[in-house]
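Reading through the structure tokens given below for one structure.
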Protein chains: 2
Amino acid sequence: MSAPDKGSDRQGWRALREIIHERILSGAYPPGARLPRDADLAEQLGCARATVQRAMRALADDGLIERKRKGGSRVLARPVTRATFDIPVAREEVEATGRAYGYQLVARDITQTPHSVAAAMGLAAPERMLRAQALHLADRRPFMYEDRWISLATVPEIVDVDLTRESANEWLLAHRPYSRCTLRFSAANATDAQAELLGTRAGDALFVIERGTWLGSAPITCVTALAPPGYALSTEA
Amino acid sequence: MSAPDKGSDRQGWRALREIIHERILSGAYPPGARLPRDADLAEQLGCARATVQRAMRALADDGLIERKRKGGSRVLARPVTRATFDIPVAREEVEATGRAYGYQLVARDITQTPHSVAAAMGLAAPERMLRAQALHLADRRPFMYEDRWISLATVPEIVDVDLTRESANEWLLAHRPYSRCTLRFSAANATDAQAELLGTRAGDALFVIERGTWLGSAPITCVTALAPPGYALSTEA
DNA sequence: TGACAAAATATGTGCATACATATTACTGTT
DNA sequence: AACAGTAATATGTATGCACATATTTTGTCA
């Protein structure tokens, strides 16, 4: 029957991706080389073009190959290391390691943002916003310190939230979904005040995560999170 | 009129994703809620189930919804912030900012790895490996310092490469593709020697990138890269 | 030779259908 | 009521087809 040997080697698109990946690793398709057309690969491997497309798109998403509309597919000469991080909520990050999570509001007030914060949030001029500074604890020891600004224009309800009980981050995630998010990782020396809060010494190298979220073009919040020495973000690509 | 109005509002899967995303943002599908079945959405939106599937899978990949085989699709109550970073080769990172790239080998020798490195590479015991320490420069100023170990068992040819001319990283990328890669970001205070090399002061907060690559289960290389203050890694999720 | 229009081509997308697979829900038995 | 086996169900995957779209290549004309 016309059945294209389904029974013997029923390959899924994941298997196809693996086969092609192997060919790249083994040098059969060396860096910079052009791969066969999807249609040819499909015939060669005994499957439909759509299945090859699925596998190839996965390889392209992983940064291994490059696909262009008429140029065909090429093995990237200099594959970029593409890594995906899931930035967890502090509570879950702590609890994932089996420690007890704690939260503590350090300060809360409503003031004018500095120019730097307004700029980071894409505003032309500073605005009055809610500023919340808080500590996340793991087994009662400082885990991360966050200094957060929340737009009163976009999230007016935030003034009525009891931030001594609930982390602003968790409240926002539950009540104000965002459509855009920027992230920035860097390192900084701890100031005296930061060291005091994090239980380390001034000058210690802190891991810095800066995050901004928007709903459409309206800024929601902008946080600078500081983690004491020992903190690391890791992933497998 | 069984024709599913193709002419008027021919929606692509990206448009569908956007529509569903909007519904989530607007609260039509609140956090934790179950979404309609793919088939129902398809009928409601006037397209094929495959198209809905494509959109929904994209939303799931972005960490916005969760899909289970019979449980249907749910809006994630606590959406994780999922960010994808492309870790560039130093040369390209420098040149992307319009600066002149420079490279300088600081040291090269073949010695036994410390236990820590052997462990990081998944080896039971230390091995003799090639260690290459090098500086990447931007406009003749230190941009990043790397301390790298390369497995002689996996990459014996590396001993014949002139590392004073070519960065080990670029040689490896061109000649030794990897199948697995681990990444770890952290912060550390500069030692005297590191500060000297990077042109900063001892104690300054450095951004640390640790990376390991393997081909199958064979370790290829393991690097610790240090960037001076001012360096940051950023992305848009 | 050079510029511009037209044809060719490889990937991208959409659709309809069939079947696979993982879970949930149900049902009958003890 | 507890349990195991079975049916129901929503998503996952594969296929064949047609057409869309972005590039490259080719061809024509000045």
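The values are calculated or read from the model by the stated rules, or taken from the named source; none is laboratory data. Because the structure is a prediction, the values reported are computed rather than measured. No Cβ is skipped: glycine too gets one built from the backbone with ideal geometry, and neighbour counts run over all protein chains shown. Ligands, DNA and RNA are excluded from the accessible area calculation, which covers all protein heavy atoms including side chains. Shrake-Rupley method; radii C 1.70, N 1.55, O 1.52, S 1.80 Å.
Annotations
- Among the residues listed as B:LEU197, B:LEU173, B:LEU183, the single one being within 12 Å of another protein chain (Cβ to nearest Cβ), part of a helix (DSSP H, G or I) and either open to solvent by 20 Å² or more (accessible area, probe 1.4 Å) or touching a residue at least 24 places away in the same chain (Cβ under 8 Å) (or both): B:LEU173
- Per-region count, the stretch A:39-48, residues more than 8 Å from DNA strand C (Cβ to nearest atom) and open to solvent by 60 Å² or more (accessible area, probe 1.4 Å): 2
- Across the stretch B:74-89, a minimum of one residue is classified as under 30 Å from B:ALA218 (Cβ atoms), in contact with a helix residue (DSSP H, G or I) (Cβ under 8 Å, 6 or more places away or on another chain) and touching a residue at least 60 places away in the same chain (Cβ under 8 Å).
- B:MET129 open to solvent by less than 70 Å² (accessible area, probe 1.4 Å), on the phi < 0 side of the Ramachandran plot and more than 16 Å from DNA strand D (Cβ to nearest atom): yes
- The numbered conditions (1) at pLDDT below 95; (2) more than 16 Å from DNA strand D (Cβ to nearest atom); (3) away from every other protein chain (no Cβ under 13 Å) are all true for B:ASP86 except (3).
- Residue among A:ARG91, A:ARG69 that is among the basic types (Lys, Arg) and either closer than 17 Å to A:ILE20 by Cβ or away from DNA strand D (no atom under 13 Å from the Cβ) (or both): A:ARG91
- Residue selected from the stretch B:54-78 under the condition assigned to a helix (DSSP H, G or I) and surrounded by 14 or more Cβ atoms within 10 Å (Cβ to Cβ), by the criterion nearest to DNA strand C (Cβ to nearest atom): B:ARG54
- Here B:GLY216 does not fit the description of being modelled with pLDDT of 95 or more, surrounded by fewer than 22 Cβ atoms within 10 Å (Cβ to Cβ) and on the phi > 0 side of the Ramachandran plot.
- Residue-level check: of (1) near DNA strand D (Cβ under 8 Å from one of its atoms); (2) part of a helix (DSSP H, G or I); (3) under 30 Å from A:GLU170 (Cβ atoms), B:PRO36 misses just (2).
- Put simply, of B:THR51, B:THR97, B:THR113, B:THR81 the only residue that is loosely packed, with under 13 Cβ neighbours inside 10 Å and at negative phi is B:THR97.
- The single condition among (1) part of a loop (DSSP other than H, G, I, E, B); (2) within 13 Å of chain B (Cβ to nearest Cβ); (3) within 15 Å of DNA strand D (Cβ to nearest atom) that A:CYS47 does not meet is (2).
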